[in-house]
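The values are calculated or read from the model by the stated rules, or taken from the named source; none is laboratory data. Because the structure is predicted, anything quoted here is derived from the model rather than measured. We place every Cβ from the backbone using ideal geometry, glycine too, and count neighbours over all the protein chains shown.
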Amino acid sequence: MSAFSVTHEAAAIETAPIGGRLVTRFTAVLGLIVGLFAVVVAVRFARGIGAVTNLNDGYPWGLWIVYDDFIGTALGASGFIVAFVTYILNRGAYHPMVRPALMTALFGYIMASLSVFFDIGRYWNAWHLFLPRYAQIDSVLWQVAMCIMVATAILLVEVLPVVLERFGKHGLRRKLDRVMFLFIAFGVVVAVMQQSAFGTLLVIFGPQIDPIYQIDLLPILYLTSTIGMGLAAVTLEGSLSALALRRPLERELLGRLMKVGQAILAIFLVARFADLAVRGVLPRVFQPTTVAIVFWIESALFAAPLVLLLGKAGQRAGRLFVAAMTMAIAGMMYRFDAYLVAYHTGPGWHYFPSLGEMAITVGLIALEILAFILVIRLLPVLPRRHPSSGAGRS
Amino acid sequence: MKGRLPLAPRHDEIDGVEARFGMPRRQFLQFCAGITAMLGLAPSAAGAVAKALLQARRPSVIWLHFQECTGCTESLLRAEHPTLEKLILDVISLDYHETLMAAAGHQAEAARRAAMAANKGKYILVVEGAIPTGARGNFCKIGGQTAIDLIQDCAPHAAAVVAIGSCASWGGMPSTAPNPTGASSVAEILGRPVLNIPGCPPNPYNFLTTVVHYLVLGKLPELDDKGRPKFAYGRLIHENCERRAHFDAGRFALEFGDEGHRLGWCLYKLGCKGPETYANCPSILFGDVGCGSWPVGAGHPCIGCVEKGVGFTKPIHALAELLTVTPPTQFARPAEEQGQGGTLATVGTVAAIGGLAIGAGARIARNLGKLPDEPPPDAGEAKR
């Protein structure tokens, strides 16, 4: 019951809508990008996937699946990780971060679901996923779809208190708090399962994936890199909102989280190279191939935070931000490299994301940021501030 | 169904299998599992199948040949994995089979009459080949009896009548117009439905699975309206064909040996009868040699040999009647788009987005240093 009591006690940490103008220069620019996105989406549904993407029979997956799904949900792992640290490990100090992290996670997962919907050819059959009688339980992609759906549903429950609070349904909120620990625990399990499953998805490609990326330890590497990306996302989100809203930075807490990230990345790198050595693939990374080059860039990016976070200087706000950015980019690159660069389906096949695909991905990200701004302005997500520390800025 | 199945064999019961069937114990159990899957029984029924094969009372089988080429028997004997003929000959008591029995002439006919008398009402009658009805049945005579007489002699006292091959099932090749011999199916001669296993030749496993079903459950498998076991003839070839995607995409071989044919495209326009033929060929294949070992897999259109009115009736090159889907009137180009790599615009956009992100990141990192810190959280926690 400890999780429950912390959850309940956590209500003591006051959160409040920050208010302020919704239309600013920044949100207007985001709105423009979203407008462009809407046009491309309309073209995709009117004229088919081929009209806006460079996808083909050799490359049935591209930017949308790799960025919006694999990377979006990995960054979205931030919500589950913070909830885990706060409620399961009982570190109440992280409580101020829980709501923004859960919001970020929810938007990440909604983006993933949306992009799957754009990406499936027969989108009008998508509702089949909700009916058990259509389930193909031997399919790995079915499992991926289920995980995304379950995780999104759990996140919706986890952010529900925010909405209940806003509309004064405190009785309902208290009832929900009593069972919330179940959702938090289940959410962590689903997120962990899903991220290791995303990695293991590569197995079905067999020899079409370069041996440097067709790894025996796929679940472990994807899980550790996801935790790194999730922690990085918490730091990025915390730093950016502090800067944009001119609020004090929770540098101490972020620093501690990044220390955990540092340890996780060390595990990742050891596992990565040990796996290459054990499988005898190590000589391959010294050959002048594209895959080997991207491997080294990506490994350097994974190693950089280890150095950046060293010592007292490593705990400075700027350093933390750069380390988090490197960590996130390393994780992204790892996924792009594994799913697109290291994927060879035979001679003659090519893929590079088209402008239309990029417009949809960038549009989804803009939509996510817009939604986040809207939510923190209208709902009690960020901690209430003392009146002395100055008014929020747009 | 599970309750009626005998239990799995004990270990000592299965020990004799090597000597008896001439195959390793493991291979025997694998075979039983395969048969069980084909019948659509629960995986746990594999043990019951093994037990039934080991303990069955060896039903007497009388196998008649009429207007046929012995292809059905040949395909059964050529089955290699496992050595099916050993299993067949050991599990059933094949009391009369013109191709396989050592006896000849009146001796052979005497053996048939003796077996029929000894197992009256219990033997299984298998008929291979069509029965000629023209010229009072005189086109086919064995031991002085016409085919019609023989079948009317043997069928009434049989526990089950199985027509193996397309000839016995619906007339097959001998019944092709103008059908001078008046070749007819077993069911037509007897005037009642029998179990049909059509095919030219039928897949030996379809016959064998039917026999095992009879041995394990004591009854014949569920049949469709043409008397064929549903487990084998329930699905359209077209719906399970490995080339189906090419049909849907409009990629057709137009001539034997053309580019599409060599690339393995759909054979519909070469006259493939897969769209109107119900059989499990694409799933269980032939000859136990693995992938692609069925006519369409090997590059020849299906001729619809199991279907009356299709096989040996429609010309091989004639287009099949599409029972389920019709192709659209217009297809996209048959060429496969192989995609394009980065262009100046796309790579430039990626570079611009990347540059923007790095630039913004650097600037944010600089500005972050100027922010005030939240007081260390531990202090607040201690107060609580």
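Overview of results
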quantity	calculated
Selected residue [under 29 Å from A:Ile227 (Cα atoms), away from chain B (no Cβ under 14 Å) and at pLDDT 85 or above] from A:Thr15, A:Thr73	A:Thr73
Qualifying helices (runs of 4 or more DSSP H) (wholly inside segment A:169-288; at least 1 residues being under 16 Å from the mean Cα position of the chain (by Cα) and β-branched (Val, Ile, Thr))	A:170-200, A:218-245
Within segment A:50-66, considering residues that are crowded, with 19+ Cβ neighbours inside 10 Å and assigned to a helix (DSSP H, G or I), the one nearest to the other protein chains (Cβ to nearest Cβ)	A:Leu63
Unique residue being away from chain B (no Cβ under 12 Å) and surrounded by fewer than 21 Cβ atoms within 10 Å (Cβ to Cβ) when the list is A:Ile360, A:Ile376, A:Ile369	A:Ile369
Selected residue (only one of A:Pro132, A:Pro211 is at pLDDT 90 or above and over 20 Å from A:Ile71 (Cα atoms))	A:Pro211
Residue count for segment A:287-313, restricted to those that are among the aromatic types (Phe, Trp, Tyr) and farther than 14 Å from A:Val270 by Cα	2
Meets criteria (over 17 Å from the mean Cα position of the chain (by Cα), assigned to a helix (DSSP H, G or I) and at pLDDT below 90) for B:Val211	no
Restricting segment A:261-314 to residues that are touching a residue at least 12 places away in the same chain (Cβ under 8 Å), surrounded by fewer than 18 Cβ atoms within 10 Å (Cβ to Cβ) and within 14 Å of another protein chain (Cβ to nearest Cβ), the residue that is nearest to A:Ile212 (Cα to Cα)	A:Thr290
Any chance B:Gly218 is at pLDDT 90 or above and either polar (S, T, N, Q) or outside the structural domain of B:Ser293 (by TED's automatic domain parsing) (or both)	no
